[in-house]
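Q: Here it is, the structure in full.
The values are calculated or read from the model by the stated rules, or taken from the named source; none is laboratory data. Nothing here was measured: the structure is a model prediction, and the numbers come from that model. Glycine also receives a Cβ, built like all others from the backbone with ideal geometry; neighbour counts cover every protein chain displayed.
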Amino acid sequence: MKTDIVQLFDNPYLALGATIAVIMAYLSVNAIMLIWLERKLSARIQRRIGPQRGPWGLMQQIFDMGKLLSKELLTPAHANKLLYVIAPIMVFAPVVALSSLFPITRTYIFHDFNIAIVLILAISGINVVGIFLAGWGSNNKYALLGAVRSVAQNISYEIPLILSVIPIVMITRTMSLYDIALAQSAYPFVLVQPIALIIFIIAATAETNRAPFDIPEAESELVAGFHTEYSGMRFGLFFFAEYSHMIFACALATVLFLGGWHGPILPDAVWFFIKVYALIVLMMWFRWTFPRLRFDQLMKFAWVVLVPLSLINLLITTLVLKLV
Amino acid sequence: MGLVKEIIDGSKTLLSGMKVTWDNFRKPPVTSQYPIEKIEMSEAFRNVIVLIEKEDIGSHDCIDCKACERVCPSFCISLDGERPEGLRRKRATEFMVDFALCSDCGLCLDVCPTDTLGYSKVHDEAGYHRSDFLYDLIEPWADKEEAARKRLKEIEAKQAEERAQRAAARKAKKAVKKPSRKPSGAR
């Protein structure tokens, strides 16, 4: 039925290199296109035209990338140089590592891992460390404040995120993303777990530090938050990471709740990406609609609303599974 | 239960907020690509004054009456003119406007007897010195002046002819009416 692309190669290092190359290429192009999409969407929502260079403004992002690549990499005085340099890599690397786990079609998958969900929830937490290193290492009060906020926010929202994934694992009795997607051939799990999906989307929006949960980089308060001091391609890496985290979170939601590749007529991969990009557009729509939460509102929302709601959802799921 | 109500109400407001952005998303953009495309200014737009072309003359019709110069509250207009050979009217030879002083009050347009003053539709002048806003309104018409004077002569000749005809008609009328007024005239 399915083939692990990784196993097609004789040499495991070659397999690793090929996988990383494909994923990096996809994530870079994807980030550039998503930045373009976001700018166009925000422009239309605010009744502007948006980027205009090239056909439909597509060249704008290429030029922006060229600008970022050619800019000088500045390191602030008294910064902790090691932490400052590795922080953007630590923010970006987890996404690259985890993207290979997603089953895009039913026939080919980079690598099917039987405890993929545990791995994803564990490794995606590393980006919090990266953000904190960025804030700490750059020796800037705004960056540090942003990093502190980010850590508090990410740790708080990881709990409802995990609690909203557990019901799916309980239903399917597997942690492999491929098997979870396969289990949704009859119906997507959003029909039985709508509350879990809503909680997941909200928590994922917070995990990716996007508006209305963008207080770690709140422009009006903290300049640019944890990446205030970054320039050139180091800043570009944070930028890439934000959009890569978006597509990562949306792909996870697609596999867990929207049935992965399942869909009529169109090929598997097309259905997968339609669902992923629909969710991404939804997240962009959130960003350009909702105002930023205050910090206490953010914490209250996580601990008073999302955590109890996901616990109740978990409890009901357990009872129903036990009774049926 | 207060919390549940809060969640439901909050969700409703979130949805209505998203509807607002969706409605705006569907409407066309209201901005324009400014340096590339210039927008058409409205009729009521006021900026520096210009001389408007009169169709029958093929140029402006400023007769150097100095009404605008006198009425201007900011003293930003200075005019000079001459009477060309064979013309009844004067023609302006110099019309300077110091836009740095102008307050766009529009009095000069109101007093202009030939209605040859109007507002320019330019909206984006910028300069480094005050002297950059010293506008010479005659200069753009300089190459048309010769032709305009020729046409003015024709127009004035025609007008003179009409005037003569009218005068003749009046005289004829008077001549006809004379007998009836005789009694009073006889005394």
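Q: Output the residues belonging to the range A:293-309 that are buried (at least 17 other Cβ atoms within 10 Å of the Cβ) and either away from chain B (no Cβ under 13 Å) or touching a Lys or Arg at 6+ places or on another chain (Cβ under 7 Å) (or both). Walk me through it before giving the result.
A: At the first step, the residues of the range A:293-309 found to be buried (at least 17 other Cβ atoms within 10 Å of the Cβ) are A:293, A:298, A:301-302, A:305-307, A:309.
If the condition is that a residue be buried (at least 17 other Cβ atoms within 10 Å of the Cβ) and either away from chain B (no Cβ under 13 Å) or touching a Lys or Arg at 6+ places or on another chain (Cβ under 7 Å) (or both), then A:LEU298, A:ALA302 are the ones that fit.
Q: Only residues that are surrounded by 24 or more Cβ atoms within 10 Å (Cβ to Cβ) and not polar (S, T, N, Q): list them for the range A:232-244, please. Walk me through it before giving the result.
A: Here is the first cut: in the range A:232-244, the residues surrounded by 24 or more Cβ atoms within 10 Å (Cβ to Cβ) are A:240-241, A:244.
Passing the criteria: A:PHE240, A:ALA241.
Q: Same structure, new question: Restricting to the range A:206-231, and then to whatever is on the phi < 0 side of the Ramachandran plot and either small (Gly, Ala, Ser) or modelled with pLDDT of 85 or more (or both), can you tell me which residue is surrounded by the fewest Cβ atoms within 10 Å (Cβ to Cβ)? Can you show your working first?
A: From the range A:206-231, those on the phi < 0 side of the Ramachandran plot are A:206-208, A:210-222, A:224, A:226-231; that's our starting set.
Next, from what is left, pick out any that are either small (Gly, Ala, Ser) or modelled with pLDDT of 85 or more (or both): A:206, A:211, A:218, A:220, A:224, A:231.
Numbers: A:ALA206: 25, A:ALA211: 20, A:ALA218: 19, A:SER220: 6, A:ALA224: 17, A:SER231: 15.
Residue satisfying both the conditions and the ranking: A:SER220.
Q: Being touching a residue at least 12 places away in the same chain (Cβ under 8 Å) and either within 14 Å of chain A (Cβ to nearest Cβ) or exposed (fewer than 14 other Cβ atoms within 10 Å of the Cβ) (or both) is the requirement here; does B:GLU40 meet it? Before you say what the answer is, go through the steps one by one.
A: Working: touching a residue at least 12 places away in the same chain (Cβ under 8 Å): yes; either within 14 Å of chain A (Cβ to nearest Cβ) or exposed (fewer than 14 other Cβ atoms within 10 Å of the Cβ) (or both): yes.
Taking the combined requirement at face value, the residue satisfies it.
Q: Considering every residue within the range A:209-223, establish whether at least one is outside any helix (DSSP H, G or I), touching a residue at least 40 places away in the same chain (Cβ under 8 Å), closer than 21 Å to A:TRP303 by Cβ and among the acidic types (Asp, Glu).
A: Initial filter on the range A:209-223 (outside any helix (DSSP H, G or I)): A:209-214, A:218, A:223.
Of the ones still in play, those that are also touching a residue at least 40 places away in the same chain (Cβ under 8 Å) are A:209-214, A:218, A:223.
Adding the requirement that they be closer than 21 Å to A:TRP303 by Cβ leaves A:209-214, A:218.
Filter once more, so that each one left must be among the acidic types (Asp, Glu): A:214.
Yes: one or more hits.
Q: Looking only at strands (runs of 3 or more DSSP E) that lie completely in the range B:77-187, which have at least 1 residues being charged (D, E, K, R) and under 18 Å from the mean Cα position of the chain (by Cα)?
A: Values: elements: B:77-82, B:91-98, B:117-119, B:134-136.
Answer list for the range B:77-187: B:91-98, B:134-136.
Q: Moving to a separate point now. Looking at the range A:90-111, can you tell me whether even one residue there is over 24 Å from the mean Cα position of the chain (by Cα) and at pLDDT 85 or above? Steps first, please.
A: First, pick out the residues of the range A:90-111 that are over 24 Å from the mean Cα position of the chain (by Cα): A:107.
Next, from what is left, pick out any that are at pLDDT 85 or above: none.
No, that holds for no residue.
Q: Can I ask one more? Which pairs do you get when a residue that is touching a residue at least 60 places away in the same chain (Cβ under 8 Å), found in the range B:148-165, comes within reach of a residue that is hydroxyl-bearing (Ser, Thr, Tyr), reach meaning Cβ atoms under 8 angstrom, with the pair 6+ apart or on two chains?
A: Here the result reads B:ALA148/B:SER59, each pair linking the range B:148-165 to a residue that is hydroxyl-bearing (Ser, Thr, Tyr).
Q: I would also like to ask the following. Which count do you get for residues in the range A:278-291 that are buried (at least 18 other Cβ atoms within 10 Å of the Cβ) and away from chain B (no Cβ under 11 Å)?
A: Summing the residues that are buried (at least 18 other Cβ atoms within 10 Å of the Cβ) and away from chain B (no Cβ under 11 Å) in the range A:278-291 gives 3.
Q: Now for a different question. Quick check on my filter: what residues within the range B:54-68 are without any contact (Cβ under 8 Å) to a residue 24 or more places away in the chain and surrounded by 13 or more Cβ atoms within 10 Å (Cβ to Cβ)?
A: B:LYS66
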